[in-house]
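Shown next, in structure tokens, is the structure this report addresses.
The values are calculated or read from the model by the stated rules, or taken from the named source; none is laboratory data. This structure is a prediction, so every number in the text was calculated from the model and none was measured. Every residue, glycine among them, receives a Cβ derived from its backbone with ideal geometry; neighbour counts consider all protein chains shown.
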């Protein structure tokens, strides 16, 4: 009797299986992964260097194809498109976020996404420290906003007593798309802040040249 067909083990299959475990349980271990794949732990090590390598492969799967920003003529538009793509990618896999945050980004495809955004900001005239801070702010915003999308529909369990929060929630009503509105408003504030900083730096540079 022929043996049942099994998918050929590969780094991608290992990482996809790990992501599936993380989506279901918020975690994975190498023994669990080996059991799910029907192989030994040692077989997994023929395709990945260890847990950190798997997590980076998961990062690549989560973030997926990059937003097209490198050819953007407008840095603000590039920032907005990058952030919306980033938030959407992580919102699809919120349980994977804690593991991804615990280790340094090293997946080449993901580093290329960050580099594309950094290049757009560099060409726009942002200083090196401003680029690092801008990307950090966008990271924080997108990851937090992705986790917020996984929050309960009722975030604040207010009682019947009159309070400012209860009045705000009641008057805002159920039609308020709280998560999207908060994300877009914060993103707009970041873009405006960056534009202000860029103008200030340019003005200071002109004054210094004079």
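Of the residues making up the stretch 161-178, not a single one is in contact with a helix residue (DSSP H, G or I) (Cβ under 7 Å, 6 or more places away or on another chain), outside any loop (DSSP other than H, G, I, E, B) and surrounded by 15 or more Cβ atoms within 10 Å (Cβ to Cβ). Is it fair to say residue 147 is surrounded by 11 or more Cβ atoms within 10 Å (Cβ to Cβ), in the same structural domain as residue 83 (by TED's automatic domain parsing) and either more than 23 Å from residue 92 (Cα to Cα) or in contact (Cβ under 8 Å) with a residue 40 or more places away in the chain (or both)? In short, yes. Within the stretch 27-77, take every residue that is under 30 Å from residue 195 (Cβ atoms) and loosely packed, with under 13 Cβ neighbours inside 10 Å and give me the one that is modelled with the highest pLDDT. My answer is 74.
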